[in-house]
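Notes follow once the structure below has been shown.
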Amino acid sequence: MTALDKKIVSFIKKHHVLTLATSNNNNPYCANCFYSFIEEEKMLVFTSDNDTKHVKDVLLNDSVAGSIVLETSIVGKIQGVQFIGKIFEPKNDILKKAKKNYLKRFPFAALMSTNLWVVKLTFVKLTDNRLVFGKKVIGEEKNLL
């Protein structure tokens, strides 16, 4: 399994909110979620209730997309990750690993009654205008799985 580019990993680890895009019956929807990242598994971990629109969508269609961005109005500082992946509710060993990872980053989540979800990344693109305007760093499915 090929590792993600270190620039992508660094960017993902520096941030904590992702936008998750789902689709059900050709009706798109977005949700913002706090996340943690399990680098060696190429997985984003977040919590959400089962009665949310995005979870109801992913129960019917496990293909998702999303982004993690640096909010700036300065074109030369624009940075962001766009991703595609498969989402699932972790079980057994993956659940233990995901829970430990998420609670390490967000200890307050231990007090919440919610479910963990994992996005297994299949495609990641980093845009970093600090490198070169419009520069893209890509990790594709054939290299991630």
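Taken together, the values in this text are just the output of simple stated rules run on the coordinates, not laboratory data. Given the structure is predicted, the values throughout are model-derived calculations rather than measurements. So basically every Cβ, Gly included, is an ideal-geometry build from the backbone, and we count neighbours across all protein chains shown.
General remarks:
- In Hz, Karplus ³J(HN,Hα) per residue of segment 24-38 (6.51, -1.76, 1.60; θ = phi - 60°; x = Gly, Pro): 9, 6, 6, 10, x, 8, 10, 9, 9, 9, 5, 9, 10, 10, 9
- Computed on segment 6-144, with alpha-carbon pairs under 8 angstrom and 6+ residues apart, the relative contact order is 25 percent.
- Difference of contour (0.36 nm per residue) and Cα-Cα distance, Glu41 to Lys77: 10.1 nm
- Only helices enter this figure: runs of n ≥ 4 DSSP H residues, each worth -39500 (n - 2.57), summed and divided by the residues of the chain, yield -6500 deg cm²/dmol at 222 nm to the nearest 500.
- Label-to-label distance, nm, for residues given as Asp93 and Thr2 (7 Å Cα→Cβ offset): 2.5 nm
- Its Cα centre serving as origin, segment 6-144 has a Cβ charge dipole (Lys and Arg +1, Asp and Glu -1) of approximately 540 debye.
- Dipole of the chain, positive end: most advanced residue of Thr22, Ser36, Met112 [Cβ charges, Cα centre]: Ser36
- Dipole moment magnitude, nearest 20 debye, segment 35-115 about Cα centre, only Lys, Arg, Asp, Glu C-beta charged: 220 debye
- Shape metrics for the chain, restricted to C-alpha atoms - Rg then Dmax, Å: 15.1, 44
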